[in-house]
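Asks: Mind having a look at this structure? Questions to follow.
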Amino acid sequence: EHVQLGIREDGSVYWNGAAVPMAELESNFSAAAMQQPQPELHIRADREVRYERVAQVMAAAAKAGLVRIGFVTDPTQR
């Protein structure tokens, strides 16, 4: 099982396609971290999103206890 986490250029965040505010995102991370087995978090960020936003999201996921975090990229897009 995995969670698709999208980060758009404007910094907005999407949990499996649904927009979520940062406060709610943190509770989603906590709930996911308690699942057994723990789901993988697949992060897909727009190419123009600020790295700072990606780092904030990753830090929140790690703080909640998620350990399986990966990036999804599409090398064919330019």
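The values are calculated or read from the model by the stated rules, or taken from the named source; none is laboratory data. This one's a predicted model, so the numbers in the text were calculated from it and none came from an experiment. We place every Cβ from the backbone using ideal geometry, glycine too, and count neighbours over all the protein chains shown. To get the accessible areas, we keep the full protein, side chains included, count just its heavy atoms, and leave off ligands, DNA and RNA. Shrake-Rupley method; radii C 1.70, N 1.55, O 1.52, S 1.80 Å.
Asks: Quickly run through region 56-71 and pick out the residues that are among the aliphatic types (A, V, I, L, M) and open to solvent by less than 40 Å² (accessible area, probe 1.4 Å).
Replies: Keep residues of region 56-71 that are among the aliphatic types (A, V, I, L, M), which gives 57-62, 64, 66-67, 69.
Within region 56-71, Val57, Ala60, Ala61, Ala64, Leu66 meet the criteria.
Asks: Testing Glu52 on (1) within 16 Å of Gln4 (Cα to Cα); (2) out of contact with any Pro (no Cβ under 7 Å at 6 or more places or on another chain), one condition comes back false. Which one is that?
Replies: Of (1) within 16 Å of Gln4 (Cα to Cα); (2) out of contact with any Pro (no Cβ under 7 Å at 6 or more places or on another chain), only one is false for Glu52: (1).
Asks: Here are Ala18, Ala33: which of them is under 16 Å from Glu1 (Cα atoms) and small (Gly, Ala, Ser)? Lay out the reasoning, then the answer.
Replies: Numbers: Ala18 fails: under 16 Å from Glu1 (Cα atoms).
On inspection, the qualifying residue turns out to be Ala33.
Asks: Within region 1-55, restricting attention to residues that are in a helix (DSSP H, G or I) and in contact (Cβ under 8 Å) with a residue 40 or more places away in the chain, which residue is surrounded by the fewest Cβ atoms within 10 Å (Cβ to Cβ)?
Replies: Let us first name the residues in region 1-55 that are in a helix (DSSP H, G or I), namely 22-34, 51-55.
Cutting the leftovers down to in contact (Cβ under 8 Å) with a residue 40 or more places away in the chain gives us 53-54.
Numbers: Arg53: 19, Val54: 16.
The residue in question is Val54.
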